[in-house]
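In what follows, a structure is listed as structure tokens, so that the remarks can point back to it.
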Amino acid sequence: MEITGLISALVIGVLIGGLGRLVVPGRQKISMLMTLLVGVAAALVGTFAASAIGVADTSGIDWIELALQVGLAGVGVTALARKRSRQHQ
């Protein structure tokens, strides 16, 4: 993987992770690093899922793919926030 691919994956991970945190109500007590990792994972899984159902390549913005990625990031953020809150009780 080239450095530009790594940088773009990190930027996309931050954006998808941040959007995932926005769709989850309340405050999530997880770090920015965890948000980034959730975002990168959600972006990869969302892209794979969009390809599997045939909506990854459309003209213009791939809204369905983006919705899948953000939804998966929201699920990941929620799961991590719940796990973290249970560990501190």
Quiz item: Got a sec? Which of VAL40, VAL23 is under 15 Å from ALA79 (Cα atoms) and either touching a Cys at 6+ places or on another chain (Cβ under 9 Å) or open to solvent by 30 Å² or more (accessible area, probe 1.4 Å) (or both)?
Solution: VAL23
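Filter segment 43-89 down to the residues that are assigned to a loop (DSSP other than H, G, I, E, B) and either charged (D, E, K, R) or exposed (fewer than 15 other Cβ atoms within 10 Å of the Cβ) (or both) and list them by number. So that I can check it myself, show each step before the final result.
Let us first name the residues in segment 43-89 that are assigned to a loop (DSSP other than H, G, I, E, B), namely 54-62, 88-89.
Answer for segment 43-89, where residues must be assigned to a loop (DSSP other than H, G, I, E, B) and either charged (D, E, K, R) or exposed (fewer than 15 other Cβ atoms within 10 Å of the Cβ) (or both): GLY54, ASP57, THR58, SER59, GLY60, ILE61, ASP62, HIS88, GLN89.
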Quiz item: Considering segment 26-37 alone, what residues qualify as being of a type outside the set (Ser, Thr, Tyr) and open to solvent by less than 50 Å² (accessible area, probe 1.4 Å)?
Solution: GLN28, ILE30, LEU36
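The values are calculated or read from the model by the stated rules, or taken from the named source; none is laboratory data. Not measured: the values here are computed from a predicted model. Reconstructed Cβ throughout: ideal geometry from the backbone, glycine too, with neighbour counts over all protein chains shown. Ligands, DNA and RNA are stripped out before the accessible areas are found, and what is left, the full protein with its side chains, is counted by its heavy atoms. Shrake-Rupley method; radii C 1.70, N 1.55, O 1.52, S 1.80 Å.
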